[in-house]
Amino acid sequence: MQIYNNEAQKQYSYMEEMKEWVKAQEERLGRPLTCHITTFGCQMNEKDSEKLLGVLETIGYRQTDTEYADLVLFNTCTVRENANTKLYGHLGHVKKAKEQNPEMIIGLCGCMMQEEQVVEKIRKSYPFVDLIFGTHNIFKLAELLKARADSGGMIVDIWKDTDQIVEDLPSDRKFSFKCGVNIMFGCNNFCSYCIVPYVRGRERSRKPEDIIREIEGLVQEGVREVMLLGQNVNSYGKNLDEPVSFAQLLQKIEQIEGLARIRFMTPHPKDLSDELIEVMASSKKICRHMHLPVQSGSSRILKKMNRHYTKESYLALAEKIKEKIPGIAMTTDIIVGFPGETEEDFEETLDVVRKVKFDSAYTFVYSKRTGTPAASMEDQVEPEVVKKRFSRLLEVIKESSKDNRKDGIGKEEEVLVEEKNTHEDGMVTGRLSNNILVHFKGDESLIGQLVRVKITEEKGFYYMGEQVNG
């Protein structure tokens, strides 16, 4: 029996075996094998999909932009029930593809697969699926594909929880100049509307030296900006043998030569420390942007949500952040129509939006999520009422964003150019330190570069500008 020094080494050996299998299939078919990954959900899922694609390309698959491929993976989300419905719709389409290509491999992974009733439904109603695995063992993709190749039957491998962190595997990044970096996994907060702690497991942090080593490697490959990812980055380091705070981790990352920008998602208002604010205020690399989910402006509703802060404490925290870090942009998440939300509760939310003057917000209509405490709460709000409130909220956010943008006109700012403008030829799109988008004249050679741009016009949620030469 082969003995491996670590899990990554073991998985690389499975990649070598699968590389031979893919090669044999290609010779038999007389063409390359293709793969496609459809990703639902958050940035952590996007990061997971980059790893999955990295493994598939290492073993010889070629990426294609259609689900009519030889191997299709669905990396699922389960934060809202309609995400489940969306997946079942996709499975209906790929069933037809598999009828045309019976050797096609269909795999499902991610958060939705951590729910027992979902896996049972897939087994019964979608028997053409070949591979089912969850959030904790995505690093096993090559091993699971080998098991599928050997058995020819459906492979189901779901872990209830894990303390394992396996990161030293291939990854195919969407951008060459910016990259997400996982610093921790799981969540211990148990907000009453959220399924994440049940499907992502308890909090576990990566060792700071492993994070530093990964970022140093990324910088050598040309990455200028990293996004540190965790369900609640404030909790980083608490479960390490030698505890390290998130602020201390940021200070270590700041020292990495060649790295220009540091972003992070997502902090929780209940435990955002003064230490973190001070580190951000004094940093030359941490971006002037704070995404701080408020969810509701009503202290009564926040208590029902199990958020562990009040309207007053949130406003005080926002004021402190803006005072200590001038020019910072603040964005947020807001849920409209949480069970029991009255007109007065909703007005409290609008009051918070006006007072904090958010630059933008991810706004959600409350979605009853089976398996969470909120799903069985009484006083579910009527859909028509929620719809009207949602529209009113969007208007207030739009006003606040427009007011904020006016302050930037005429200023010169550093912009990281991300892509060609999708709406107008001869234009590129970049992002300021505060995460606001800017469109200006330029060509593809600027992509991945930090350039000086003068802001000339505000357009509500974004700016127009012109490049400053010299």
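Here are some notes:
- When the residues of the stretch 167-216 are filtered to those that are aliphatic (A, V, I, L, M) and within 29 Å of F338 (Cβ to Cβ), the one that is surrounded by the most Cβ atoms within 10 Å (Cβ to Cβ) is M184.
- Members of the stretch 435-452 that are surrounded by 19 or more Cβ atoms within 10 Å (Cβ to Cβ) and closer than 12 Å to C287 by Cβ: I436
- Residue that is surrounded by the most Cβ atoms within 10 Å (Cβ to Cβ), among those in the stretch 10-56 that are under 22 Å from K86 (Cβ atoms) and of a type in the set (S, T, N, Q): S49
- Picking from residues in the stretch 142-180 that are touching a strand residue (DSSP E or B) at 6+ places or on another chain (Cβ under 7 Å) and among the basic types (K, R), the one that is nearest to V219 (Cα to Cα) is K178.
- Scanning the stretch 253-294 for residues that are within 19 Å of I215 (Cβ to Cβ) and hydrophobic (A, V, I, L, M, F, W, C) turns up I253, I256, L259, A260, I262, F264, M265, L276, V279, M280, I286, C287.
- Where a residue in the stretch 153-174 is touching a residue at least 24 places away in the same chain (Cβ under 8 Å) and under 16 Å from D48 (Cα atoms) and its partner, wherever it lies, is part of a strand (DSSP E or B) and among the polar types (S, T, N, Q), with Cβ under 8 Å and at least six apart: E167/N182; D172/Q63
- Residues in the stretch 175-198 that are β-branched (V, I, T), within 21 Å of L53 (Cα to Cα) and not in a loop (DSSP other than H, G, I, E, B): V181 only.
Matching residues to (1) among the basic types (K, R); (2) out of contact with any Pro (no Cβ under 7 Å at 6 or more places or on another chain); (3) without any contact (Cβ under 8 Å) to a residue 24 or more places away in the chain:
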position: R261; (1), (2), (3): yes, yes, no
position: H289; (1), (2), (3): no, yes, no
position: L292; (1), (2), (3): no, no, no
position: E312; (1), (2), (3): no, yes, yes
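Laboratory data are not the source of any read-out in this text; all were calculated from the coordinates shown. Values in this document were obtained by computation on a predicted structure and should not be read as measured data. In this analysis, Cβ positions are derived from the backbone assuming ideal geometry, glycine residues included, and neighbour counts consider all displayed protein chains.
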